[in-house]
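A.B. asks: What follows is a single structure, and I will ask about it in a moment.
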Amino acid sequence: MSKSPSRALLIVATLGLFLLWSNSFVAMSYLLGSERHPAQMDWISLTIGRFAPVTIVAGLYLGIARRSQAILVFRHHFWRCLASGFLGVTVYSFCLYWGIAHGIPAPIASLLTALSPLYLMILGALVLREPLTVRKMVGFGVALAGLSVVAVARGGFSAVALAPIAIAAVAPLVWAIQTTLSKSISRDVPADVWTASYLVLGGLPMLLALPWFGGAEMLALNAAGWASLAFLSGACTLLGFALWSWLLVYLPASTLGFTVFLNPPLAMLSQWTLARVFPDTFVFALSQDELAGCGLVLVGLAVAVQPGGRRLAALEAT
């Protein structure tokens with residue numbers, strides 16, 4: 001394996017990843033009709049519309065540039081790859097999009113993804129033998145307190161029905177399981193090959209269903225809708241999923257999981273910015289309590305992932 005990248009590069013890569021993923025909640029809510037404009041897609045057509053083109057691009061990449069490596073992945077890790085694709089593509093998207101389509105605002109949806117660090121902390125300890133340190137537990141507690149402040153400032157979850165929250169809360173659980181499956185072989189399979197492989201297996205049913213579900217909705221999209229869908233497919237999926245797999249090579253799954261706490265504050269910042277640039281399309285107001293809560297989230301994240309004076313490479317999972 002090549003020399004581990006610098007800590008600065010890992011930090012920049014992580015921030016770049018969550019700048020992409022935090023904006024995905026804004027794009028999702030726009031397409032599903034949670035902003036000023038009516039829905040352009042439903043939760044099924046959005047999932048299919050997002051992943052059908054991804055399947056084509058990922059398949060072409062494997063066939064042209066990574067054919068031999070892809071054959072080895074499918075030969076030796078087929079069932080793990082299939083499970084990762086099914087969980088990370090189908091189940092995750094269906095649960096999250098169904099929740100947003102049934103009334104969960106984008107910032108609240110991003111808050112629900114903060115369950116991932118808890119799941120990954122537990123799975124990392126049980127499955128990957130990653131240390132469950134006091135630092136991680138304290139950091140999780142501080143970040144969770146910050147999220148609670150944000151949730152209360154936004155009126156809590158009282159305005160959102162319980163069923164959408166319960167369904168959407170399944171998404172971070174299956175993502176944590178998919179991450180654990182990926183981490184287990186992250187040193188044996190190149191990140192780009194693994195990502196493209198499970199995207200192909202997970203997205204193939206979407207591609208086959210496109211003529212009946214999602215195709216008509218895609219053709220009817222306006223320019224902003226196409227831009228949102230392209231952002232979800234290209235930046236958030238092809239680039240974002242590959243970047244996540246690459247980070248898993250060098251960071252413990254539980255440590256990387258804590259970076260999911262970046263999603264809520266960055267999603268709020270993105271929507272706040274868009275609301276001021278495009279006031280006819282986006283709506284958002286940020287209170288002082290929300291700012292304080294976001295600050296707590298970032299403090300908790302810093303506590304959890306801070307290596308305590310040791311080189312970051314020393315934190316790699318054994």
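The values are calculated or read from the model by the stated rules, or taken from the named source; none is laboratory data. Small disclaimer: the values here were computed from a predicted structure and weren't measured. Reconstructed Cβ throughout: ideal geometry from the backbone, glycine too, with neighbour counts over all protein chains shown. Surface accessibility is based on the protein's heavy atoms, side chains included, excluding ligands, DNA and RNA. Shrake-Rupley method; radii C 1.70, N 1.55, O 1.52, S 1.80 Å.
A.B. asks: Tell me, in nm to one decimal, what length is gained between V127 and T273 on full extension, where the rule is 0.36 nm per residue of separation less the Cα-Cα distance?
C.D. replies: Stretched out fully, the V127 to T273 stretch lengthens by 48.5 nm.
A.B. asks: I've got another one for you. Estimate the FRET efficiency between A8 and R187 by the formula 1/(1 + (r/R0)^6), using the beta-carbon distance for r and 22 Å for R0, to the nearest 0.05.
C.D. replies: 0.50
A.B. asks: For region 1-146, what class follows from the C-alpha gyration tensor (a ≥ b ≥ c being the square roots of its eigenvalues): rounded when a/c is under 1.5, otherwise prolate if a/b is larger than b/c, else oblate?
C.D. replies: oblate
A.B. asks: What does the highest-first list of 76-83, 18-25 look like by mean Cβ count within 10 Å?
C.D. replies: 18-25, 76-83
A.B. asks: Right, something else. Each label point is 7 Å from the Cα along the Cα-to-Cβ direction; what then is the distance between the points at A163 and V134, in nm?
C.D. replies: Here the modelled spin labels are 4.7 nm apart.
A.B. asks: For H102 and A65, FRET efficiency with R0 = 35 Å and r from the beta-carbon atoms, rounded to 0.05?
C.D. replies: 0.30
A.B. asks: Here is a further query. Kirkwood hydrodynamic radius, computed over distinct alpha-carbon pairs, for region 1-81: how many Å, to one decimal?
C.D. replies: 16.2 Å
A.B. asks: Taking θ as phi - 60°, what are the ³J(HN,Hα) couplings along region 221-237 by the Karplus curve (6.51, -1.76, 1.60), each to the nearest whole Hz, with x for Gly and Pro?
C.D. replies: Each residue's phi maps through the Karplus curve to give 5, 7, 4, 5, x, 4, 4, 5, 5, 5, 5, 5, 6, x, 6, 6, 9 Hz.
A.B. asks: Can you sort F94, F86 by solvent-accessible area, 1.4 Å probe, largest first?
C.D. replies: So the residues, ranked largest to smallest area, are F86, F94.
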